[in-house]
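Peer 1: The structure under discussion is supplied below as structure tokens; questions concerning it will follow.
The values are calculated or read from the model by the stated rules, or taken from the named source; none is laboratory data. This structure is a prediction, so every number in the text was calculated from the model and none was measured. Here Cβ is always computed from backbone atoms with ideal geometry, including for glycine, and neighbour counts include all displayed protein chains. All accessible areas refer to the heavy atoms of the entire protein, side chains included, with ligands and DNA or RNA removed. Shrake-Rupley method; radii C 1.70, N 1.55, O 1.52, S 1.80 Å.
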Amino acid sequence: MDSVTQPLRDEHKELLPQIERIRRVADSIGVVPTEVLRQRVDELHRFLSRELIPHAKAEEAVLYPLVARAIGAPEATATMRHDHVEIAGLADELASIEPELSDETLSLEAQHALRRILYGLYTLVRVHFIEEEEIYLPLLDERLDPEEARDMFNALEAAAAHARGLATA
Ligand SMILES: [Fe+2]
Ligand SMILES: [Fe+2]
């Protein structure tokens, strides 16, 4: 039987191809024309602000408080919350570099900055997902009954929808 937190593992699995895309876009810097790169970065930025960051906001509102309660210490999720802050910071850096991508040739400096941001994001998000799945979700699998888990996912969905609404407003 699936664990009660399987829907969150599934959600991560759905997000993962886009996370892999972050690495592939980083690999394509200096290889594809700047116009193509600009389009790819634009798509990535949309994914971050409309999907990944709302996912993180929903976790902060719903999942992490439950994990903190399971561990018995409110500060237990501070490191993972901080990962979210770093992810949002890198997404902001990505947005701030986008205007430079309208130049026909991308400066070496901008190429280096873009690689640092994208590879940084890729590694951070991958490790963060693994930590949630391997450390947090087993804690909840042990403690939540199916009904509590269902309530949690409904609340997560509502919080993510709210955050997505703010992102596209
Ligand atoms: Fe997270
Ligand atoms: Fe997550």
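Peer 1: Of all residues in the stretch 80-107, which are free of Cβ contacts under 8 Å to residues at least 12 places away in the same chain and within 16 Å of Thr123 (Cα to Cα)?
Peer 2: His82, Val85, Gly89
Peer 1: Could I ask something else about it? Give the residues of the stretch 101-121 that are of a type in the set (Asp, Glu) and open to solvent by less than 80 Å² (accessible area, probe 1.4 Å), sorted by residue number.
Peer 2: If the condition is that a residue be of a type in the set (Asp, Glu) and open to solvent by less than 80 Å² (accessible area, probe 1.4 Å), then no residue fits.
Peer 1: Oh, and also: If a residue must be farther than 22 Å from Arg40 by Cβ and either loosely packed, with under 15 Cβ neighbours inside 10 Å or of a type in the set (Asp, Glu) (or both), how many such residues does the stretch 122-139 contain?
Peer 2: Residues flagged as farther than 22 Å from Arg40 by Cβ and either loosely packed, with under 15 Cβ neighbours inside 10 Å or of a type in the set (Asp, Glu) (or both) within the stretch 122-139 amount to 8.
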